[in-house]
Every structure is written in C-alpha cells, then in structure tokens.
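Data block below; observations after.
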Amino acid sequence: MPDANTGDVMGEVNKRRGRVLGMSGSGNGMQRIEAEVPMSEMHDFTTFVRSLTRGQGSFTFDFTRYEQLPPQLEGKVIEDAKTFMDRTSEDE
C-alpha cells in the first residue's frame, strides 16, 4: 500500500470489523499491512483499494478460520436468513 494511504486503509480495516496485526515498510514508499477481516466484509474491498490508491495498491486474502459472530450482529443475520427463506418459499 502506498505510504500516503496507510492510515485510510487501516481505518477501513477497522470499519469492516477487522484487526490490524502488523505493518512493515518495503523501502520504496510502500507499506505492507497484515490484517484479519471477516470475509463477509471484503466484498467491495478491491474497489475501495483501487479507488483510494489510484491503482497503486493491492491486496491478497486467504481464509484463516471461523469465528463466532458478535452478538450485536446475530439478530440481523437471523432476520436476513428468515427473509430469504420466506422469499424462496414464495417462489415455489
């Protein structure tokens, strides 16, 4: 990630329920940010990085593990699933 965008990217990681694990400089005006972010929060991260860095930043991600959903989000996920099931049964 370009040095100039490091703070914005770290803020976005936090906003997406992520945790920054570390950072290291590569010596050419770029930073490597290591973080863990729920995959459900990564759907438009490519667009965010491309737009913010004007195409200079990049990222990769891999599945690490499952974690329990925070209690404040459980209700929303359950409600979304019920709504989806209701719509699916109406289509049959």
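The values are calculated or read from the model by the stated rules, or taken from the named source; none is laboratory data. Predicted model, so just to flag it, every value in this text is computed and none were measured. So basically every Cβ, Gly included, is an ideal-geometry build from the backbone, and we count neighbours across all protein chains shown.
Scanning region 47-92 for residues that are among the acidic types (Asp, Glu), outside any helix (DSSP H, G or I) and either modelled with pLDDT under 90 or surrounded by 10 or more Cβ atoms within 10 Å (Cβ to Cβ) (or both) turns up just one, Glu92.
Tell me, please, whether a residue that is modelled with pLDDT of 90 or more and touching a strand residue (DSSP E or B) at 6+ places or on another chain (Cβ under 6 Å) can be found in region 38-46. Among the residues of region 38-46, not one is modelled with pLDDT of 90 or more and touching a strand residue (DSSP E or B) at 6+ places or on another chain (Cβ under 6 Å), which makes the answer no. What are the pairs with Cβ atoms under 8 angstrom where one residue, in region 45-68, is touching a residue at least 40 places away in the same chain (Cβ under 8 Å) and the other, located anywhere, is assigned to a loop (DSSP other than H, G, I, E, B) and among the aromatic types (Phe, Trp, Tyr)? Sequence gap at least six, or different chains. Cβ pairs passing all conditions: Val49/Phe59. Checking each residue in region 1-37 for being touching a strand residue (DSSP E or B) at 6+ places or on another chain (Cβ under 8 Å), over 30 Å from Asp80 (Cα atoms) and touching a residue at least 24 places away in the same chain (Cβ under 8 Å) picks out Met1, Pro2, Asp3, Thr6, Gly29, Met30, Gln31, Arg32, Ile33.
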